1. Return the total of residues in region 96-105 being more than 14 Å from PRO152 (Cβ to Cβ) and free of Cβ contacts under 8 Å to residues at least 60 places away in the same chain.
2. For region 212-235, how many residues meet the condition of being within 15 Å of the ligand (Cβ to nearest atom), in contact (Cβ under 8 Å) with a residue 40 or more places away in the chain and over 18 Å from ASP39 (Cα atoms)?
3. Among the residues of region 182-210, which ones are farther than 14 Å from ASP66 by Cβ and within 15 Å of the ligand (Cβ to nearest atom)?
4. Have a look at LEU198, LEU193 and point out the one that is part of a strand (DSSP E or B) and under 18 Å from ALA296 (Cα atoms).
5. Please work out if ALA71 is at pLDDT 95 or above, among the aliphatic types (A, V, I, L, M) and either within 16 Å of the ligand (Cβ to nearest atom) or in contact with a Cys (Cβ under 6 Å, 6 or more places away or on another chain) (or both).
6. Out of curiosity, is ALA246 touching a Leu at 6+ places or on another chain (Cβ under 8 Å) and assigned to a helix (DSSP H, G or I)?
7. Would you point out which residue out of ASN46, ASN94 is out of contact with any Ser or Thr (no Cβ under 7 Å at 6 or more places or on another chain), of a type in the set (S, T, N, Q) and surrounded by fewer than 23 Cβ atoms within 10 Å (Cβ to Cβ)?
8. Is it the case that region 180-187 has a residue that's part of a helix (DSSP H, G or I) and of a type outside the set (Lys, Arg)?
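The values are calculated or read from the model by the stated rules, or taken from the named source; none is laboratory data. Since we're looking at a predicted model, the values are computed, not measured. Reconstructed Cβ throughout: ideal geometry from the backbone, glycine too, with neighbour counts over all protein chains shown.
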Amino acid sequence: MTMRLLLIAGLLWTCAAHAVTPLKVTQFAPGLYVHRGQDDVATRANKGDIANIGFIVGRDCVAVIDTGGTAEEGRELRAAIRAVTPRPVCYVINTHMHPDHIFGNVAFAADHPQFVGSATLGEAEASHAQSYLRGLRRELGALADGSEIVPPTLTVDGTKTLDLGHRKLVLRTWKTAHTNNDLTVYDEETGTLWLADLLFVKCIPVIDGSLTGWLADIATIRQMNPRRVVPGHGPIDTPWRGALDAEEGYLMRLARDVRGSIRRGETMQHAVETIGLAERGKWRLFDIYQRRNVTAAYAELEWEG
Ligand SMILES: [Zn+2]
């Protein structure tokens with residue numbers, strides 16, 4: 001055999017050997033499935049599987065909600081859907097721009113769904129594309145292969161209802177909070193509000209949008225009073241009201257402390273080094289995100305009147 005043929009044979013063997021293992025999912029509510037991501041940043045060990053993602057099955061078709069941190073995780077999610085239902089995937093909904101929620105989109109391209117996101121998602125993805133792809137390659141190496149950004153083909157500004165066949169999903173965009181392109185999904189049939197990263201449970205909330213916007217959104221979420229909630233990170237079996245209170249408490253204390261620091265004329269550096277240390281034992285990934293949160297809050301609150 002020539003070298004070339006050997007190479008082709010090798011490639012074929014690799015493809016055949018690569019059976020996709022379905023992602024582990026839990027039926028969180030009737031016809032609504034959640035995969036619980038690991039409470040971590042993306043590493044080679046966890047393969048970028050760090051967000052809670054999943055899907056909802058209607059009579060006619062399936063809506064995917066977030067697709068995971070790599071093309072491979074997207075394929076595994078697709079395999080998990082196929083293990084549950086043969087119905088086609090008609091919507092792939094992205095709750096926001098972050099890499100751990102979007103890089104699996106490409107695994108659904110051949111299904112020709114509508115890719116759905118906030119009206120501000122496309123631009124946010126485009127402006128972060130280079131740094132997200134570079135970061136993914138840096139953290140995951142070859143595990144990042146094939147991952148790419150697939151922008152929305154259907155956008156939401158305010159609310160939009162999708163019908164999966166006797167199953168309506170009400171999509172809603174929010175004030176800038178976790179990011180400037182947060183979107184939630186309300187499944188009317190089960191009273192489940194898929195909050196994604198507007199709710200972090202036991203993992204420190206990450207501010208990549210607006211602290212004050214997030215606090216306003218939390219008040220609205222509480223008023224909506226859903227039966228069930230799916231958080232973007234952390235355990236999915238924690239009662240949501242207590243989890244939302246904890247998140248709000250963290251954000252309120254952060255706002256109070258940063259405003260105090262600004263009032264006293266302290267530098268951002270000083271604020272970053274001193275604020276929130278009492279929260280340390282309460283939150284997973286505190287050491288990774290706390291300084292960044294203080295920086296974001298300081299930059300935002302410095303300019304308020
Ligand atoms: Zn996020």
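1. Of region 96-105, the ones more than 14 Å from PRO152 (Cβ to Cβ) are 98-100, 103-104.
With free of Cβ contacts under 8 Å to residues at least 60 places away in the same chain added as a condition, the list becomes 99, 103-104.
Counting residues in region 96-105 that are more than 14 Å from PRO152 (Cβ to Cβ) and free of Cβ contacts under 8 Å to residues at least 60 places away in the same chain gives 3.
2. Restricting attention to region 212-235, the residues satisfying the condition of being within 15 Å of the ligand (Cβ to nearest atom) are 213-214, 217, 230-234.
Filter again for in contact (Cβ under 8 Å) with a residue 40 or more places away in the chain, leaving 217, 230-234.
With the extra rule that they be over 18 Å from ASP39 (Cα atoms), the set shrinks to 217.
Qualifying residue count, region 212-235: 1.
3. Filtering region 182-210 down to residues farther than 14 Å from ASP66 by Cβ leaves 186-193, 200-210.
Within region 182-210, PHE200, VAL201, CYS203, ILE204, PRO205, VAL206, ILE207, ASP208, GLY209, SER210 qualify.
4. On the way: LEU193 fails: under 18 Å from ALA296 (Cα atoms).
Going through LEU198, LEU193 in turn, the sole match is LEU198.
5. On the way: at pLDDT 95 or above: yes; among the aliphatic types (A, V, I, L, M): yes; either within 16 Å of the ligand (Cβ to nearest atom) or in contact with a Cys (Cβ under 6 Å, 6 or more places away or on another chain) (or both): no.
No; evaluated as a whole, the condition is false for this residue.
6. Values: touching a Leu at 6+ places or on another chain (Cβ under 8 Å): no; assigned to a helix (DSSP H, G or I): yes.
Answer is no for this residue.
7. Exactly one of ASN46, ASN94 is out of contact with any Ser or Thr (no Cβ under 7 Å at 6 or more places or on another chain), of a type in the set (S, T, N, Q) and surrounded by fewer than 23 Cβ atoms within 10 Å (Cβ to Cβ), namely ASN46.
8. Pass one, region 180-187, residues part of a helix (DSSP H, G or I): none.
Within region 180-187, not a single residue is part of a helix (DSSP H, G or I) and of a type outside the set (Lys, Arg).
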